[in-house]
1. I need the strands (runs of 3 or more DSSP E) fully contained in the stretch B:143-239, keeping only those with at least 1 residues that are under 25 Å from B:Glu88 (Cα atoms), within 16 Å of ligand 1 (Cβ to nearest atom) and of a type in the set (A, V, I, L, M, F, W, C).
2. Please work out if B:Thr63 is farther than 30 Å from B:Asp225 by Cβ, over 21 Å from the mean Cα position of the chain (by Cα) and among the β-branched types (Val, Ile, Thr).
3. Can you tell me which residue within the stretch B:1-27, out of those that are within 16 Å of ligand 2 (Cβ to nearest atom) and open to solvent by less than 70 Å² (accessible area, probe 1.4 Å), is nearest to B:Asp227 (Cα to Cα)?
4. Is it the case that A:Pro91 is assigned by TED's automatic domain parsing to the domain that holds A:Asp220, modelled with pLDDT of 90 or more and surrounded by fewer than 15 Cβ atoms within 10 Å (Cβ to Cβ)?
5. Just a yes or no: is a residue in the stretch B:17-26 more than 14 Å from every other protein chain (Cβ to nearest Cβ), touching a strand residue (DSSP E or B) at 6+ places or on another chain (Cβ under 6 Å) and within 16 Å of ligand 1 (Cβ to nearest atom)?
6. Can you tell me which residues in the stretch A:252-268 are without any contact (Cβ under 8 Å) to a residue 40 or more places away in the chain and under 28 Å from the mean Cα position of the chain (by Cα)?
7. Consider the stretch A:66-83. How many of its residues are more than 19 Å from A:Tyr182 (Cβ to Cβ) and under 28 Å from the mean Cα position of the chain (by Cα)?
8. Taking the stretch B:154-202 as the region of interest, how many residues are closer than 12 Å to B:Phe92 by Cα and within 16 Å of ligand 2 (Cβ to nearest atom)?
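The values are calculated or read from the model by the stated rules, or taken from the named source; none is laboratory data. Fair warning: this is a prediction, and the values are worked out from it, not measured in the lab. Please note: Cβ atoms are built from the backbone with ideal geometry, for glycine as well, and neighbour counts cover all protein chains shown. Accessible surface is based on the protein model in full, side chains and every heavy atom, while ligands, DNA and RNA are left aside. Shrake-Rupley method; radii C 1.70, N 1.55, O 1.52, S 1.80 Å.
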Amino acid sequence: MLRFLIKGVFRDRSRSLFSLIVITLIVALTVFIRGFMAGIFDDVFRQSAVIFAGHVKVTTQAYTKEADLLPNDLAILGADSLVAALAQQYPEMFWSSRIMFAGLLDVPDEYGETKEQGPMLGFGVDLFSPESRMLEIWELERKIVRGRLPEEPGEVLLGETFATRLGVEPGEVATFIGASMYGGFVTYNFDVAGTISLGVTGIDKNILIADLQGVRQALDMQDAAGEIVGYSHDMFYDDPASVALAADFNVNVDDPDNEFSLFMQPLRDHTQMGAMVDIAGYMMGIVILVFVAVTVLVLWNLGLMNGLRRYGEFGMRLAMGETKGHVYRTTMGEAVVMGIVGSFIGTVVAVPLIWYLQEVGLDYTGLFEDMTFVVSNIIRARLTPDCYYLGFIPGVVATVAGTMLAGRGIYKREMSQLFKELELEA
Amino acid sequence: MDDNHIVEIRDLVKNYPVGGGHFTALRDVTTDLVVGEFTGLVGPSGSGKTTLLNIIGGLDAPTEGSVTVLDMPLGGKNHKELAHLRREGIGFIFQTFNLLPVYTVFENVEFPLLLIGMAADERKELVDQALEWVGLTDKVKSRPAQLSGGECQRVAIARAIVKKPKLIIADEPTANLDAKNSHNIMQILVHLNQELSTSFIFATHDEKVMGYLTRIIHLIDGRIDEDEHISEPEYRKGK
Ligand SMILES: Nc1ncnc2c1ncn2[C@@H]1O[C@H](COP(=O)(O)OP(=O)(O)OP(=O)(O)O)[C@@H](O)[C@H]1O
Ligand SMILES: [Mg+2]
């Protein structure tokens, strides 16, 4: 019976086509927005994760409290064995030591006198270990503007705007002036290998990226690390998983009396990231809700129109002994099938678009310069797994709800009027 | 109920609420339809023909009196039970055919069989047979839009007859047809009436139809004015 009716639905173009187009559009839009937003938020998360927070980050309790000051005197000692232990205990992430440090960068002239000087933010990350994925996740190769990648621990990359301001070229020397791990005054000459543009507003002005070993040497931090960061292997931030992992870790190491006891923080707890994570979730919910509401209204109307068009059909079927309930339910069945087909088409339309925006991206340099959080200049969508089924929620739910509302007319039908109605048909 | 009776109507009154009071569309109607009869309800416009057919078909409820159709007293029956009665026992033919435009002739005729949940091969057999009765075996795959009015009404007849109901109710089945098609339709119906001993009840104004009836109930102002039994209808005299 339902098969018979569905056949009718698809033969009756004027009845099905418009509904199908509406469902398809709404579904495609929902899925697309999902992919787009996932991409934007993922980008925000990824940039913050790579540069600042990791998906999770281990520091000492004391370091966490004063993290803004980058207190390397409170660094983790025995960092390398801790990284190995973490990799064993939590193989779902990869782990790496790093050192964030601040100071002045001084560029000397040919006589060794200061030519230019400026505050810098340094990152000592593991560039050279064979198992390290830091080069890859920082995407340093792609982001080189001038010069080349460092090849030895003493070589560094500078932000392109930073280098320009200081007037330093690749191949020249820049001197770090700051404090060692033990508080002593340190000057250390780095060779500038190249310049980079991370595409991250604000940070290219003062960034220095060096190899972990080089920084350890400069700051006298052998086998120490300010932070140990962990990332999921696919680099996708899974908030609940990261929160759970951090909690699990903290249970075992927490010792309130020892300020050097370790503490793990998920990305969510890094500055405004928690709010971001939540907003990402809420926004998706709201988008779906709005779309469901709009679709219900549109399809309700379409259903009413179709109901008028099919008045004769319903009347004939009632006269032939179909119950009102059966007419109503089969109409609903048609709607479900229509909703599924529309959702399928909509998803098929949206997924390649998202994929394209994931692979190629959309450059919007300059549009968001004033934004306070870290964003890259290229929007990339992200084809999250839920893109494949999320569209079915508005697609099917709304179609059914719209048809349900429209179909109430079937129950209001006066049977005694059937003959008269059916005569008016002609 | 008399075994021989397909419909029994006793003291039927039908009032329609109009304004503050009511309008009496049928009054004191008492009659029986006998199995195999080819009955016409005849009378001026507004005399209550359609109202009576509606009540017999379970589409409308009497105000007073009792109606029994196919051994089922309709009083107090709910919507579902009445639908069941129509589905199993009654075929309808409408003035305006009411075919489903998106379906083929075959599918239109098949529809009532789907409603009673019949298996596919059995459906095919019955549909083919019904289309043969109405002489449309060559139009099986056509859509209603491709058919003439007469052909459409023949499809509608096939649809009404395909489940071999005991009773067929037809409201002005020839009103939209020309003389030639009207006669053609009536001949088909008479033939089915004799072959399957299906009982028919028509509402009609049409003189051409009257020539085929074995019984004519004249309604005037919702009352049976005359009940004529015709042992030899006009069409047989011609032969
Ligand atoms: N729902 C209703 N409400 C009020 N009055 C009604 C209703 N249905 C029918 N009537 C009245 O009942 C009377 C009988 O109507 P009915 O449709 O049975 O006539 P009919 O004999 O079929 O006429 P026609 O030959 O024009 O089809 C008419 O006067 C009509 O106005
Ligand atoms: Mg009438």
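1. B:167-171, B:199-204
2. When the stated conditions are applied, B:Thr63 does not pass them.
3. B:Leu26
4. In short, yes.
5. There is at least one residue in the stretch B:17-26 that is more than 14 Å from every other protein chain (Cβ to nearest Cβ), touching a strand residue (DSSP E or B) at 6+ places or on another chain (Cβ under 6 Å) and within 16 Å of ligand 1 (Cβ to nearest atom).
6. A:Arg268
7. 3
8. Residues in the stretch B:154-202 being closer than 12 Å to B:Phe92 by Cα and within 16 Å of ligand 2 (Cβ to nearest atom): 7 in total.
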